[in-house]
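First the structure, in the form of structure tokens, and then the observations on it.
The values are calculated or read from the model by the stated rules, or taken from the named source; none is laboratory data. Only a predicted model underlies this, so the values are computations on that prediction, with no experimental measurement involved. Cβ placement follows ideal geometry from the backbone for every residue including glycine, while neighbour counts extend to all protein chains displayed. Each accessible area value is taken on the protein alone, full model and side chains, heavy atoms only, with ligands, DNA and RNA left out. Shrake-Rupley method; radii C 1.70, N 1.55, O 1.52, S 1.80 Å.
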Amino acid sequence: METNRNQLGSEKINVLLRRFATPSIIAMMVGALYNIIDQFFIGNYIGMYGNAATNVALPFTTICMSWALMSGLGGAAGFNLNLGAGKADVAARYMGTSICMLFGGGIALSVIAVLFLEPLLLFCGSTPEVMPYALSFTSISTLGFPFLVFSTGACHLIRADGSPRYAMFTALSGAVLNCFLNPLFISGFNMGIAGSAMATVTGQAVSSLIAIWYLCRRLQSVTLDKGCFMITPGRMLHVMALGSSNCINQLGMMVVQITLNNTLAYYGAQSVYGSDIPLAVVGIITKVNMIFFSVIIGISQGMQPIASYNYGAGNYKRVAAVLKLALQTGACISVFSFICFQCFARELAGIFGTGSEVYFQFAEEYFHIYLFGTLYNFLQPVISNFFSAIGKAQKGVLLSLTRQVIFLLPLIVLLPRFFGIDGVMYAGVAADTCAGILALVMAGRQVRLLLNDSLK
């Protein structure tokens, strides 16, 4: 246990980042793969309306992820900060608080979704043609929210305990099971789009059981007793503050998704595309883009325990070094993804079923314009998570708000008034550019402060 802690303060930064980021990337990609797998089988077995239905249901998943990331990453940051400062008993209480928040939040979200399902789907942009498919899918998937929230958040706690490979296995096991069950339930059992939801919930439940086993039997750094699960308002609020940048980023994504769906349906009806083609296409492209963001967020999450521990221990040069390496790695991933999105747009859209020429025309334009900012989209998520990792939650929150809420949301509402449905695409590029510049400026200032402090 002590050896694992010392490695965070002494091992080479590139070795540590690779060790912690690789499982985190895989775990995040697994989360994206749940949606990708659903989209693939639904698109090929159900068709365009099925793709549109999963897009309408996406805000449900996003709000679950927001609570899971806030509770899980916030608890992990509090755990590592206190462990780095030599306060193991306090660190254990942060982990216990995080676990309780994950359980309670998942159940609450499931109950709310079940009680108000149809109004929520209408609010998320469902059209009359899409509604039957959306109801069939979400009436089952909402029952799995407790499993989704707990399995996602617990993986961050497991990684913070020094077991990134087990965290990866926890997430991967459910996704692999989902991959096998999706075609079986959809086609073999003739359950249609409801079968895809059933397969997803089953995979999430399996991941949750594996995570519970680790937290009960295999914790390395601390021992959890009953007292660790006694939640205090102060500790809960601190967990929420430390994880708030990730939570707000997800909530911002949810608001953007809902606004985007309604905007696409409204302005799409006034264009050659109609209201349903944009909903279906954007659902596909959002899921494809999740793979890119999964890698970037995985890098930032792998950076978290390294930055938190060394900041708590006063090793500021190592804190600056891990941020620099995370940004360099993110830049390489962004360039590669940008090339893929620009050169293979039609091919990527075609993976998820067939469509008319107009369908693929809209897909190509959306890839080329809306996702142009992929080239520098690594800056905002990495830097916002960096601020949270070193305990500067307010700055992390500010950066999390920039792209989704401060820039993208008003632009999605404003630009289509002048450019029609094309205005949605221009909004994405403009928001990415503004958010990236602000994040870079704030990171540069913080690194200078850290390096100056290291000389004192």
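Quick check: residue separation of residue 453 and residue 108 times 0.36 nm, minus the Cα distance between them. What number comes out in nm?
Values: separation 345, 0.36 × 345 = 124.20 nm, distance 4.40 nm.
Length gained, residue 453 through residue 108: 119.8 nm.
With a/c under 1.5 counting as rounded, go ahead and sort the range 171-267 into rounded, prolate or oblate using the C-alpha gyration tensor (a ≥ b ≥ c being the square roots of the eigenvalues; past the cut-off, prolate if a/b is larger than b/c, else oblate).
Numbers: a/c = 3.47, a/b = 1.24, b/c = 2.79.
Oblate, because a/c is 1.5 or more while a/b does not exceed b/c.
Which of the trypsin sites (Lys or Arg not before Pro) found in the range 70-170 are in a DSSP loop and have at most 15 neighbouring Cβ atoms, other than their own, within 10 Å?
On the way: sites: 87, 93, 159, 165; in loops: 87.
The qualifying sites are 87.
Can you list residues whose amide H is under 5 Å from residue 243's amide H, if they're 5+ apart or on another chain and H is modeled 1.01 Å from N?
74
Relative to the compact globular guide of 2.2 N^0.38 Å, what is the alpha carbon radius of gyration of the range 1-134, as a ratio? Working shown, then result.
Values: Rg = 20.0 Å, N = 134, 2.2 N^0.38 = 14.1 Å.
That ratio works out to 1.41.
Quickly estimate the mean residue ellipticity at 222 nm for the chain, helices only: each DSSP H run with n ≥ 4 gives -39500 (n - 2.57), and the total goes over all residues, rounded to 500. Could you put the intermediate results ahead of the total?
Numbers: 20 runs with 369 residues, N = 456.
-27500 deg cm²/dmol, from helical runs alone.
Once ligands and nucleic acids are excluded and a 1.4 Å probe is used, how much of residue 118 is accessible, expressed in Å² to the nearest 10?
Number for this one is 100 Å².
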